[in-house]
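Accompanying notes for the structure given below.
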Amino acid sequence: MSTQAHPLGISFEFFPPGTEAGRDKLLRTRDALAERRPRFFSVTYGAGGSTQARTRQIVQQVSEAGITTAPHLSCIGSEKSALRDLLHQYRDEGIDSLVALRGDLPSGMGGVGELRYANELVEFIRAETGDHFEIAVAAYPESHPQAPSFERDLENFARKMRAGANLAITQYFFTADAYFHFVERARALGVEAPIVPGIMPITNYTKLARFSDACGAEIPRWIRKQLEAYGDDSEAIAAFGEEVVSRLCQRLLDGGAPGLHFYTLNQAEPALAILDNITV
Ligand code: FAD
């Protein structure tokens with residue numbers, strides 16, 4: 001990871017845009033965020049490998065700013081031979097960090113593939129490429145939506161870390177205690193690696209509500225009610241969102257979180273505004 005990194009382990013996540021205009025906007029966002037000296041940028045991967053080529057291309061372009069750039073990689077629906085080729089391509093292109101995920105199979109798409117869970121992907125990456133990659137995996141302080149119970153999800157998470165992951169990034173959440181509880185329980189199961197909270201700036205209530213329903217992240221009632229009351233007043237939503245999420249970040253850092261990973265949705269301003277509000 002970059003030696004010039006910010007003292008706090010901040011990182012920023014992007015998605016691979018589908019248009020030229022989207023790509024130009026993303027590169028402007030990257031430049032604005034690069035000034036904060038993040039530890040890394042990451043670029044998401046479409047379900048079932050649907051953005052594979054775009055993710056690779058965007059990773060290369062984003063990494064031209066000289067900051068470590070980690071592609072996300074999911075295993076569900078993929079064959080080992082295809083994953084092996086992609087790992088070797090990334091290694092040859094100078095990529096040394098990955099975010100390893102199971103992913104979700106889009107409805108109507110074929111079989112689950114040869115690796116069913118992210119712990120199997122982490123094992124596979126280690127078997128194929130040794131210690132070349134720093135591997136981040138996903139964590140769910142409020143439980144993964146398909147998990148049969150909190151305990152089982154936590155055990156599955158600990159197994160994934162033992163398979164050779166170096167750090168975890170959480171799904172976003174708005175309740176700091178959910179994070180502290182998860183970290184405490186993971187430590188009790190022997191997980192020592194950093195668990196970095198994933199932060200979702202609030203800018204658009206409709207999109208946030210849709211995302212949160214899909215990924216199992218809870219929007220506390222008091223936040224939901226307040227956002228609903230603002231209707232389509234986007235300035236009021238952004239101002240309230242900035243205040244709520246800045247306060248959450250400050251609490252997380254004061255309570256010992258090792259950094260912050262921002263789900264930027266390819267926008268610089270919301271994350272920058274939050275970073276300006278917090279003290280490290
Ligand atoms: P896993 O860790 O495999 O867990 C999935 C479920 O299976 C959980 O319920 C778990 O409890 C259970 N489980 C795990 N291991 C086992 C086992 N060995 N036996 C039985 N049950 C098990 N999605 C994308 O498509 N592209 C992305 O780029 C992307 N980036 C993400 C980044 C972050 C930081 C996060 C938090 C999520 C991201 N996702 C992405 C979403 C993610 O793919 C989904 O949440 C997916 O449903 C689970 O992926 P996972 O890697 O957490 O799976």
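Since every read-out is calculated from the coordinates, none of them should be taken as a lab result. It should be emphasised that the depicted structure is a prediction, and the values quoted were computed from it without experimental measurement. Note that we place each Cβ from the backbone using ideal geometry, even for glycine, and neighbour counts take in every protein chain shown.
The number of residues in segment 9-64 that are in contact with a Gly (Cβ under 6 Å, 6 or more places away or on another chain) and acidic (Asp, Glu) comes to 0. Exactly one residue among 201, 220, 148, 194 is within 18 Å of the chain's Cα centre (by Cα) and either hydrophobic (A, V, I, L, M, F, W, C) or surrounded by fewer than 16 Cβ atoms within 10 Å (Cβ to Cβ) (or both), and that residue is 194.
Taking segment 201-227 as the range and being hydroxyl-bearing (Ser, Thr, Tyr) and without any contact (Cβ under 8 Å) to a residue 60 or more places away in the chain as the test, the residues that pass are 205, 206, 212.
Only one of (1) closer than 27 Å to residue 164 by Cβ; (2) part of a helix (DSSP H, G or I); (3) more than 17 Å from the chain's Cα centre (by Cα) fails for residue 27. Which number is that? Evaluating residue 27 over (1) closer than 27 Å to residue 164 by Cβ; (2) part of a helix (DSSP H, G or I); (3) more than 17 Å from the chain's Cα centre (by Cα) leaves (1) as the failure.
Here is a check on your reading of the model: is residue 59 more than 10 Å from the ligand (Cβ to nearest atom) and in contact with a Phe, Trp or Tyr (Cβ under 9 Å, 6 or more places away or on another chain)? When the stated conditions are applied, residue 59 passes them. For segment 45-65, filtering for residues that are closer than 21 Å to residue 10 by Cβ and touching a residue at least 40 places away in the same chain (Cβ under 8 Å) leaves 2.
Yes or no, residue by residue, for (1) near the ligand (Cβ under 9 Å from one of its atoms); (2) at positive phi; (3) surrounded by fewer than 18 Cβ atoms within 10 Å (Cβ to Cβ):
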site	(1), (2), (3)
112	no, no, yes
118	yes, no, no
127	no, no, yes
143	yes, yes, no
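Within the set 78, 107, the sole residue that is surrounded by fewer than 14 Cβ atoms within 10 Å (Cβ to Cβ), among the small types (Gly, Ala, Ser) and more than 20 Å from the chain's Cα centre (by Cα) turns out to be 107.
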